[in-house]
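Trainee: One structure is given below, represented as structure tokens, and several questions about it will come after.
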Amino acid sequence: MRERINRLARGIIDSEAPQVVITPERVEEQVPASARTRGELMVASSNNLYIKGLVYSSNPRVTISNNAFGGLRNRIVFEINSQYLKHGETIKGSFYLVTNGGEKEIP
């Protein structure tokens, strides 16, 4: 927020927001029971504007190594922990991205 105020004070006005493109649009993976598996999300700007933000997981079994990102193309690595789960159990939740281009949910 301080950065935005400083930019406004210098007369720099961002008239255009980055257009956020996230791949994949939905995360569905088969994870073996009692294992840890890694995956990734790619967050990019389709109109070549700098994008920055934070990402959160709604499920405590899905952790994100670094929840802050910034740049034109960003790779977000997450880990799924299926320890103490039995075969056939599912992990449900979403990723929530809060960016300067808007908020997005990835189920």
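Trainee: Which of the following residues is buried (at least 17 other Cβ atoms within 10 Å of the Cβ), of a type in the set (A, V, I, L, M), free of Cβ contacts under 8 Å to residues at least 60 places away in the same chain and within 20 Å of Ala17 (Cα to Cα): Val55, Val98, Val62?
Mentor: Val55
Trainee: Follow-up question, since we're still on this one. Could you list, in sequence order, the residues of the stretch 73-93 that are in contact with a Phe, Trp or Tyr (Cβ under 9 Å, 6 or more places away or on another chain) and farther than 14 Å from Glu28 by Cβ?
Mentor: Across the stretch 73-93, the qualifying residues are Arg75, Ile76.
Trainee: With the condition kept exactly as written, say whether any residue in the stretch 72-79 is touching a residue at least 40 places away in the same chain (Cβ under 8 Å) and within 15 Å of the chain's Cα centre (by Cα). Give the derivation first.
Mentor: Step one: filter the stretch 72-79 for residues touching a residue at least 40 places away in the same chain (Cβ under 8 Å), giving 78-79.
Filter once more, keeping what is within 15 Å of the chain's Cα centre (by Cα): 78-79.
Looking through the stretch 72-79, at least one residue is touching a residue at least 40 places away in the same chain (Cβ under 8 Å) and within 15 Å of the chain's Cα centre (by Cα).
Trainee: Checking Asn59 against (1) farther than 13 Å from Tyr96 by Cα; (2) modelled with pLDDT of 90 or more; (3) over 11 Å from the mean Cα position of the chain (by Cα): exactly one of these is not met. Which one?
Mentor: So the condition that Asn59 fails would be (1).
Trainee: A follow-up question, please. Evaluate the following for Arg75: is it under 24 Å from Glu3 (Cβ atoms) and not in a loop (DSSP other than H, G, I, E, B)?
Mentor: Yes.
Trainee: Please verify whether Glu3 is among the charged types (D, E, K, R) and assigned to a loop (DSSP other than H, G, I, E, B), treating the condition exactly as stated.
Mentor: no
Trainee: When you scan the stretch 17-46, how many residues do you find that are within 18 Å of Tyr84 (Cβ to Cβ) and in a strand (DSSP E or B)?
Mentor: 2
Trainee: While we're here: Return the residue satisfying two criteria in turn: it lies in the stretch 24-48 and is without any contact (Cβ under 8 Å) to a residue 40 or more places away in the chain and among the aliphatic types (A, V, I, L, M), and of such residues it is surrounded by the fewest Cβ atoms within 10 Å (Cβ to Cβ).
Mentor: Of everything passing the filter in the stretch 24-48, Met42 is surrounded by the fewest Cβ atoms within 10 Å (Cβ to Cβ).
Trainee: Looking only at the stretch 47-71, which residues are more than 19 Å from Lys86 (Cβ to Cβ) and of a type in the set (S, T, N, Q)?
Mentor: Asn47, Asn48, Ser57, Ser58, Thr63, Ser65, Asn66, Asn67
The values are calculated or read from the model by the stated rules, or taken from the named source; none is laboratory data. Being a predicted model, the structure only gives us computed values, none of them experimental. All Cβ positions, even for glycine, are placed from backbone atoms using ideal geometry, and neighbour counts span all protein chains on display.
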